[in-house]
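*Asks:* This is the structure I have questions about; it appears just below.
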Amino acid sequence: MTTKIFKIDPERIAPQAIAEAAEILRAGGLVAFPTETVYGLGGDATDAQAAQKIYAAKGRPSDNPLIIHVASPEEAERYAVTNETYRRLADAFMPGPLTVILPKRESIPSAVTGGLDSVAVRCPSHPIARALIREAGVAIAAPSANLSGSPSPSCGDHVIRDLSGRIDGIIDGGDCEIGLESTIVKLDGAHATLLRPGAITADALACVCESVAVAPAVTEGLAQNERPLSPGMKYKHYAPKAPLVLLEGDADEVLSFLYRAQNAEKCTILCYSEETEYLRGERLIDVGAREDLVTQAHTLFAALRKADELDGDIIYAHLPPTDGLGLALYNRLIRAAAHTVLRVKSSLKG
Ligand code: AMP
Ligand code: MG
């Protein structure tokens, strides 16, 4: 299959290209498109066959449900049963990087929801995503536009590398602003359970919801035979080719550990900007300043792809904090590292 690449500047959206891409979607085809979180692999959310094509193109198990993307928060009502808490969340955070799980309506085939009677709904803020959904005239089901087992794509090149030849079209709109997938919440009245952390933090949700519980699988591995709240939790997540080890400890001690590691082994290091001057440039990836979690989120998936290319025997990265946006970084990294954390202690303190 030849994949048509549409290069679109998000600040000067060409209506003709959007019309063509929307036509592909209406005809049952697949188009990848940028959102403010990561790129999505889109198909008509009311078309079971399009959903099947999405699973096939990604190599994703078909019981792992898709998020449907709507042009406005109100449009969710066509596909899902909304409620007061949804509306309050929508007022506060939509359009934006928040996905809410709601009871599904008949308009959404069960192929899209992996057989569940709930559906995940999101209204993205990216101008290209919004223009495309509006022009398609229907919700767009879209998981992240990577091959299953790769990191989510945070720029057009990632999508082209993973999916070229496997889908009808790719809209390349440059870098995604956030770079991590949306926050996912499940509602029980005014109580929310955070299933996947993202740029809308637990603290932000707590300003709207009566209570916010973080699902244990966000930070811990699933226990054997545990039934996950979200099917995606049970799948092996992206893991780099080389083992990834997350380092925890005093900043100076971790830096001196990394300095020694560079002399002892063929390691790739995801380091903070402040550390670059103390480390050798070979297999060194700057993920942003220590306190700048926004930049770290923005660069994480590109850094992991780069780490695979650099082909070290082991990859080191810092263990992120678990508060604020840190929780989203922690969740992605702890799974990519298969929960391998090394507590670095001073060699001087015995
Ligand atoms: P992705 O499409 O790659 O962004 O992943 C979407 C995530 O949303 C997966 O982890 C799914 O398991 C989760 N998800 C989608 N729909 C539902 C649903 N109805 N209930 C619970 N989790 C869902
Ligand atoms: Mg994904």
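The values are calculated or read from the model by the stated rules, or taken from the named source; none is laboratory data. For clarity, every value in this text was computed on a predicted model and none was experimentally measured. Quick reminder, even Gly has a Cβ in these numbers, built from the backbone with ideal geometry, and neighbours come from all protein chains shown. All accessible areas refer to the heavy atoms of the entire protein, side chains included, with ligands and DNA or RNA removed. Shrake-Rupley method; radii C 1.70, N 1.55, O 1.52, S 1.80 Å.
*Asks:* With the requirement that a residue be open to solvent by less than 10 Å² (accessible area, probe 1.4 Å) and either more than 17 Å from Gly115 (Cβ to Cβ) or assigned to a loop (DSSP other than H, G, I, E, B) (or both), what does region 72-82 give you?
*Replies:* Within region 72-82, Ala76, Tyr79 meet the criteria.
*Asks:* Do we have any residue at all in region 289-307 that's on the phi > 0 side of the Ramachandran plot, open to solvent by 30 Å² or more (accessible area, probe 1.4 Å), part of a loop (DSSP other than H, G, I, E, B) and touching a helix residue (DSSP H, G or I) at 6+ places or on another chain (Cβ under 6 Å)?
*Replies:* No; the residues of region 289-307 include none that is on the phi > 0 side of the Ramachandran plot, open to solvent by 30 Å² or more (accessible area, probe 1.4 Å), part of a loop (DSSP other than H, G, I, E, B) and touching a helix residue (DSSP H, G or I) at 6+ places or on another chain (Cβ under 6 Å).
*Asks:* For Gly96, which of the numbered conditions (1) out of contact with any helix residue (DSSP H, G or I) (no Cβ under 9 Å at 6 or more places or on another chain); (2) surrounded by fewer than 21 Cβ atoms within 10 Å (Cβ to Cβ); (3) modelled with pLDDT of 95 or more fails to hold?
*Replies:* Gly96 satisfies all of (1) out of contact with any helix residue (DSSP H, G or I) (no Cβ under 9 Å at 6 or more places or on another chain); (2) surrounded by fewer than 21 Cβ atoms within 10 Å (Cβ to Cβ); (3) modelled with pLDDT of 95 or more except (2).
*Asks:* Within region 180-191, take every residue that is of a type outside the set (Asp, Glu) and more than 12 Å from Thr99 (Cα to Cα) and give me the one that is farthest from ligand 1 (Cβ to nearest atom).
*Replies:* Among residues in region 180-191 that are of a type outside the set (Asp, Glu) and more than 12 Å from Thr99 (Cα to Cα), the one farthest from ligand 1 (Cβ to nearest atom) is Ala190.
*Asks:* Pairs, please: C-beta under 9 Å, at least 6 apart or cross-chain, first residue under 22 Å from Ile18 (Cβ atoms) and in region 160-185, second away from ligand 2 (no atom under 16 Å from the Cβ) and aromatic (Phe, Trp, Tyr)?
*Replies:* Gly169/Phe6; Ile170/Phe6; Ile171/Phe6; Asp172/Phe6; Gly173/Phe6
*Asks:* Is there a residue being hydroxyl-bearing (Ser, Thr, Tyr) and part of a strand (DSSP E or B) anywhere in region 244-260?
*Replies:* Scanning region 244-260, I find no residue that is hydroxyl-bearing (Ser, Thr, Tyr) and part of a strand (DSSP E or B), so the answer is no.
*Asks:* Hey, among the residues in region 319-339 that are open to solvent by 20 Å² or more (accessible area, probe 1.4 Å) and modelled with pLDDT of 95 or more, which one's farthest from Arg196 (Cα to Cα)?
*Replies:* Top of the filtered list is Leu319.
*Asks:* Another question, if that's okay. Could you tell me whether any residue of region 99-109 is closer than 14 Å to Val38 by Cα and modelled with pLDDT of 95 or more?
*Replies:* yes
*Asks:* Now, a different point. Count, please, the residues in region 68-96 that happen to be in contact with a Gly (Cβ under 8 Å, 6 or more places away or on another chain) and among the β-branched types (Val, Ile, Thr).
*Replies:* The qualifying residues number 1.
*Asks:* Given the criteria within 14 Å of ligand 2 (Cβ to nearest atom), out of contact with any strand residue (DSSP E or B) (no Cβ under 8 Å at 6 or more places or on another chain) and not basic (Lys, Arg), does Ser144 qualify?
*Replies:* no
*Asks:* Same structure again: Can you pull out every residue in region 157-182 that is touching a Pro at 6+ places or on another chain (Cβ under 6 Å) and outside any loop (DSSP other than H, G, I, E, B)?
*Replies:* Across region 157-182, the qualifying residue is only Val159.
*Asks:* Quick one: in region 106-130, of everything that is within 11 Å of ligand 1 (Cβ to nearest atom) and open to solvent by less than 10 Å² (accessible area, probe 1.4 Å), which residue is nearest to Thr201 (Cα to Cα)?
*Replies:* Result: Arg122.
*Asks:* Is it true that Pro103 is in a strand (DSSP E or B), within 15 Å of ligand 1 (Cβ to nearest atom), farther than 20 Å from Ala136 by Cα and open to solvent by 40 Å² or more (accessible area, probe 1.4 Å)?
*Replies:* yes
*Asks:* Give the number of residues within region 50-71 that are away from ligand 1 (no atom under 13 Å from the Cβ) and either surrounded by fewer than 21 Cβ atoms within 10 Å (Cβ to Cβ) or in a strand (DSSP E or B) (or both).
*Replies:* 3
*Asks:* Next question, about the same structure. Restricting the search to region 216-273, which residues are under 14 Å from Tyr316 (Cα atoms), open to solvent by 60 Å² or more (accessible area, probe 1.4 Å) and touching a residue at least 24 places away in the same chain (Cβ under 8 Å)?
*Replies:* Across region 216-273, the qualifying residues are Lys241, Pro243, Glu248, Glu265, Lys266.
*Asks:* If a residue must be within 16 Å of ligand 2 (Cβ to nearest atom) and either open to solvent by 20 Å² or more (accessible area, probe 1.4 Å) or assigned to a loop (DSSP other than H, G, I, E, B) (or both), how many such residues does region 10-49 contain?
*Replies:* 7
*Asks:* Between Arg166, Arg227, Arg196, Arg161, which is modelled with pLDDT of 95 or more and within 13 Å of ligand 1 (Cβ to nearest atom)?
*Replies:* The conditions single out Arg196.
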